[in-house]
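All remarks here apply to the structure that follows.
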Amino acid sequence: MRLALAWKVLTAAVLLAVAATVGAITYFNHSRPASLGLASFTPRPTASASPDDPLSLVCRRPAVPGASTGGGVAGLWVIQPGSVAGYRAREQFAELTSPHEAVARTDSVRGWLLISESGGSPRIETGCIAVDVRTLRSVDEIPGFNTSDRDSASRDFLGAGQHPYVVFQPYPVALQLNAANTGVQHAKLAGDLEIRGTKKTEQFTLDILVSGAQVAAAGSTVVPVNEFGVEVPQEAAGFVRVDPRITLEVSLVLLKP
């Protein structure tokens, strides 16, 4: 009798544990913020950058002929308000059986791209995109945890006190895009990515939408941040372990000034 009762109790405990695990996985899957996609709104044109705006000065706009700001794809394209950048990181908490994806974002994004056009095909000549990592804020949720506590640690890992900006400068490249195509097109964009004062070549995979005088671009790249001097927690016995392969993602809207 006691054996039968013990078996029932054990079975119930196992079922509760399974249900809790399934529930946690279901919760994480449903509460995980979606990847950044193409912006679906028309932004406001920006005013000229203030001379005392440090983020804008990280990516100083080049002097271009006035004609290059007219119609067509060629010319200077400036990142607009509403653009967003951030990261996604896989983490494993000691108290939780299922892994979790940390997601943080910021709209402190500035920069520009200088585009030329030859034979109907656009070409990136140069560009600069800067993100203020001090303003990154967690947008994911974990039951029983305050994910905003992660933000301070992230700033420390990134050395934000001395290196407050992540900067991407694309290499010159011809884009296999049709400026007359109003559908979503795809491109790969390689360039110098600088994190914590270390610069390495990385490549973003992008979706691009050209709509009249507006360009929207969204995509990501996976970066081994340990190669940039960023040390994330990886101790097996620690409170949390973080995969050093971090996904950087962006959703940009650009207009001619």
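No value in this document is a laboratory result; all are computed from the given coordinates. Because the structure is predicted, anything quoted here is derived from the model rather than measured. Positions of Cβ are backbone-derived with ideal geometry, glycine not excepted, and every protein chain shown enters the neighbour counts.
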Being aliphatic (A, V, I, L, M) and under 18 Å from the mean Cα position of the chain (by Cα) narrows A174, A218, A213 down to just A218
Taking segment 196-223 and keeping residues closer than 15 Å to V166 by Cβ and not aliphatic (A, V, I, L, M) leaves R196, G197, T198, K199, K200, T201, E202, F204, S220, T221
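Look at K188 and say whether it is surrounded by fewer than 18 Cβ atoms within 10 Å (Cβ to Cβ), closer than 26 Å to Q80 by Cα and touching a Ser or Thr at 6+ places or on another chain (Cβ under 8 Å). Step through it out loud before you land on a result.
Values: surrounded by fewer than 18 Cβ atoms within 10 Å (Cβ to Cβ): yes; closer than 26 Å to Q80 by Cα: yes; touching a Ser or Thr at 6+ places or on another chain (Cβ under 8 Å): yes.
Yes.
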Expected output for segment 152-178 (first residue exposed (fewer than 13 other Cβ atoms within 10 Å of the Cβ), partner of a type in the set (D, E), Cβ below 9 Å, 6+ apart or cross-chain) is P172/E125
Flagged in segment 130-150 as of a type outside the set (K, R) and buried (at least 19 other Cβ atoms within 10 Å of the Cβ), in numbering order, are A130, V131, D132, V133, L136, S138, D140, I142
Taking segment 193-243 and keeping only residues that are part of a strand (DSSP E or B) and more than 17 Å from G86 (Cα to Cα), one is left with T198, K199, K200, T201, I208, L209, V210, S211, Q214, V215, V240, R241
Of those in segment 195-219 that are touching a Phe, Trp or Tyr at 6+ places or on another chain (Cβ under 8 Å) and under 19 Å from S154 (Cα atoms), the residue surrounded by the fewest Cβ atoms within 10 Å (Cβ to Cβ) is T198
Filtering segment 173-192 down to residues that are more than 30 Å from N226 (Cα to Cα), in contact with an Asp or Glu (Cβ under 9 Å, 6 or more places away or on another chain) and part of a strand (DSSP E or B) yields V184, Q185
